[in-house]
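Reading through the structure tokens given below for one structure.
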Amino acid sequence: MKYFSAEEARRIMGKAPAGLIIPCDENPNREAVEALFDRARTGKAGPLSMALYGFALGHATGIREERARRKEREGRT
């Protein structure tokens, strides 16, 4: 698996849609965003920990999306 270079990561972060991190009803990722915000509100996680949690959630989202694409290609639901 190829991960992003620092330059690619900066470009992605610079163009990330704000809708991905806004906890509104239209956001399909709303519950995950709310869970992340809840973790931040407890005050138990510092900025570095929050960045790591966000990265982990993004990584897991990518895995889930890839599995769904594979199932769709194979004709499964």
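The values are calculated or read from the model by the stated rules, or taken from the named source; none is laboratory data. Keep in mind that what you see is a predicted model, and the values were worked out from it rather than measured. Because the Cβ atoms are built from the backbone with ideal geometry, glycine has one as well, and the counts that use them run over all protein chains shown. Accessible surface areas use protein heavy atoms only, side chains included; no ligands, DNA or RNA. Shrake-Rupley method; radii C 1.70, N 1.55, O 1.52, S 1.80 Å.
Here are some notes:
- Residues (open to solvent by less than 80 Å² (accessible area, probe 1.4 Å), under 13 Å from Ile21 (Cβ atoms) and either in contact with a helix residue (DSSP H, G or I) (Cβ under 8 Å, 6 or more places away or on another chain) or of a type in the set (Val, Ile, Thr) (or both)) located in the range 36-67: Leu36, Ala40, Met50, Gly54, Leu57, Thr61
- Top-ranked residue of the range 1-27 - restricted to ones that are part of a loop (DSSP other than H, G, I, E, B) and surrounded by 10 or more Cβ atoms within 10 Å (Cβ to Cβ), ranked as farthest from the chain's Cα centre (by Cα): Phe4
- Contacts under 8 angstrom Cβ, first residue in the range 12-37 being under 20 Å from Leu52 (Cβ atoms), partner in a loop (DSSP other than H, G, I, E, B) and open to solvent by less than 70 Å² (accessible area, probe 1.4 Å), 6 or more apart: Leu20/Asn27; Leu20/Asn29; Val33/Pro23; Val33/Asn27; Glu34/Pro23; Phe37/Pro23
- Whenever a residue of the range 49-76 is among the hydrophobic types (A, V, I, L, M, F, W, C), its partners that are surrounded by 11 or more Cβ atoms within 10 Å (Cβ to Cβ), lying with C-beta atoms within less than 6 angstrom and at least six residues away or across chains, give the pairs Met50/Ala40; Leu57/Ala32.
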